[in-house]
Each structure stands twice: as C-alpha cells, then as structure tokens.
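Each remark here refers to the structure printed beneath this line.
The values are calculated or read from the model by the stated rules, or taken from the named source; none is laboratory data. The structure presented is a predicted model; accordingly, all values stated were derived computationally and were not measured. In this analysis, Cβ positions are derived from the backbone assuming ideal geometry, glycine residues included, and neighbour counts consider all displayed protein chains.
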C-alpha cells in the first residue's frame, strides 16, 4: 500500500526581521515532531532545498512594502491551500508601518543618497489587505507554542485554539501585581495575550507587542494614562510601535496627534 504523502509546509518572508521564522526554529523538540508530520518544502531560513508547490499550509512573515511583493503575495496565495500570517509585520504592517503616517518620499530623501533608485510603496500593509488570509497569529515575535498549535490545527482539520483575551488576564492568573496601580503606564488592558505578561512580571508596563485584543477600549486606557500625567506625545508614541497600523492602535494614536 502506497503511504500517503506528507502535507507540504512553506514559510515565506516579506518585509520583516526574520524573528517570527526563528520562533519556528526555536521550537526545538516540537520542531522535530512538526518535521515528522510535515514535508517542510520551502523554508529558506532553514534550508536551501525547495520542493515545488502547491503547498498545504503557508506561513507568511512580513508586510507588503514594494510593488514586487504586492505581486508576489498573490503567487503565494494561489500556491497555498491555507495561508496563515505570523507576527506583527504580517498582521498589522509592523514597525515599518510608521511610514504610513508620513510622506514616504520625504523619508527616502533623508535616508538614501539617490532616492530615485528606491522602489517602494507609500504604505506598509498587512497581508490581509492584499489576499485572503485563513488565520492571523499575532506577536513581535510570535509565541512558539501558539505557532505549534496553529500548525497542529491545520494538520488535523480544525480551527486553531489560541486565546484572544488581554494581557491583564495573564497577570491575574499568575498573581502579578498590576503595574498601573503603582503608577506605571501599561498597554496590557488593550493588548492581545501571547507573551505570558512578560513585561509586567518584571515591573514594566506592557509595550503592546501582540497588538490590540478583541474590542479594546483604548480611549478609556488613554484617559487613565492622561490622569496619571502621561503627555499626548507619549501616548502617541505608545500606540505607534510594533502594531502602529493596527486599526484600534492607529485610531487612538491619531486622536493624540497635534
């Protein structure tokens, strides 16, 4: 009896730092199980060997920032049965989406000696703005346990089971004292879970690495920060970091722009 072929996994890079791809390589023991269940057919970060598509599951890291990538993501979509975006760049445009609030021509003229050689789009956009995405996995970088869960879910024909609550819930579960009670500004009440409330466990405010949670009340949090003495400029900077172009964070940052 001929054995069934393994499902093909492809990992694609767009504009990003490669950190989310490294999260897959950091899975260590879990990666061996993944490699045993899948044919890792296209993963330049791990191997130069490439197996041609179509692919059963594609993981896409990075945002679309050039005309070439705007075309390439459609090729990836056509070659993929399921397409999952991983990380803040792919799901919200990433730190490079800070360009979205300025004229990109002004930025290129300041950085490059010959800006006419630079071919770029006016904005850095998430993958879902260009093609259909089956699932988005947040984080900067992503949580490797959640990544393994997503891969397992698609291998077994089910929806991934990743939590959508805020970082605050994680603090309560692990018994971490709320840093806002002690006067430290924190984005935890409006930020998607995934890090295990890492920063508050070290008495620092959350930086919003995993982007906005479901139905975040950013206006209420901003009001609390204002009462605590945080300036409009610092509020704007807080919401313009790894997930600056995520809708909820973008709107709140613009509300505090002079």
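Taking residue 91 as meeting all but one of (1) within 12 Å of residue 11 (Cα to Cα); (2) touching a residue at least 60 places away in the same chain (Cβ under 8 Å), write down the number of the exception.
(1)
Here is a list of conditions, (1) surrounded by 15 or more Cβ atoms within 10 Å (Cβ to Cβ); (2) in contact with a helix residue (DSSP H, G or I) (Cβ under 8 Å, 6 or more places away or on another chain); (3) touching a residue at least 40 places away in the same chain (Cβ under 8 Å), and residue 98 meets all of them except one; can you say which number that is?
Unmet condition: (2).
Taking helices (runs of 4 or more DSSP H) that do not extend beyond region 142-255, which have at least 1 residues that are within 15 Å of the chain's Cα centre (by Cα), assigned by TED's automatic domain parsing to the domain that holds residue 61 and under 30 Å from residue 33 (Cβ atoms)?
Where helices (runs of 4 or more DSSP H) fall fully within region 142-255 and carry at least 1 residues being within 15 Å of the chain's Cα centre (by Cα), assigned by TED's automatic domain parsing to the domain that holds residue 61 and under 30 Å from residue 33 (Cβ atoms), they are 144-155.
Looking at region 68-95, which of the residues that are assigned to a strand (DSSP E or B) and in contact with a helix residue (DSSP H, G or I) (Cβ under 8 Å, 6 or more places away or on another chain) is farthest from residue 244 (Cα to Cα)? Steps first, answer last, please.
Step one: of region 68-95, the residues assigned to a strand (DSSP E or B) are 80-86.
Remaining after also requiring in contact with a helix residue (DSSP H, G or I) (Cβ under 8 Å, 6 or more places away or on another chain): 82-86.
On the way: 82: 27, 83: 23, 84: 21, 85: 17, 86: 16 Å.
Per the criteria, the residue is 82.
Quick check on region 184-196: of everything there that is under 24 Å from residue 227 (Cα atoms) and out of contact with any strand residue (DSSP E or B) (no Cβ under 8 Å at 6 or more places or on another chain), which residue is surrounded by the fewest Cβ atoms within 10 Å (Cβ to Cβ)?
Of everything passing the filter in region 184-196, 184 is surrounded by the fewest Cβ atoms within 10 Å (Cβ to Cβ).
Restrict the check to region 58-70 and report whether at least one residue is surrounded by fewer than 15 Cβ atoms within 10 Å (Cβ to Cβ) and out of contact with any strand residue (DSSP E or B) (no Cβ under 9 Å at 6 or more places or on another chain).
Among the residues of region 58-70, at least one is surrounded by fewer than 15 Cβ atoms within 10 Å (Cβ to Cβ) and out of contact with any strand residue (DSSP E or B) (no Cβ under 9 Å at 6 or more places or on another chain), which makes the answer yes.
Filter region 23-50 for residues that are crowded, with 16+ Cβ neighbours inside 10 Å and closer than 11 Å to residue 148 by Cα; which is nearest to the chain's Cα centre (by Cα)?
Per the criteria, the residue is 23.
Report whether or not residue 237 is surrounded by fewer than 18 Cβ atoms within 10 Å (Cβ to Cβ), in contact with a helix residue (DSSP H, G or I) (Cβ under 9 Å, 6 or more places away or on another chain) and without any contact (Cβ under 8 Å) to a residue 24 or more places away in the chain.
So residue 237 passes the test.
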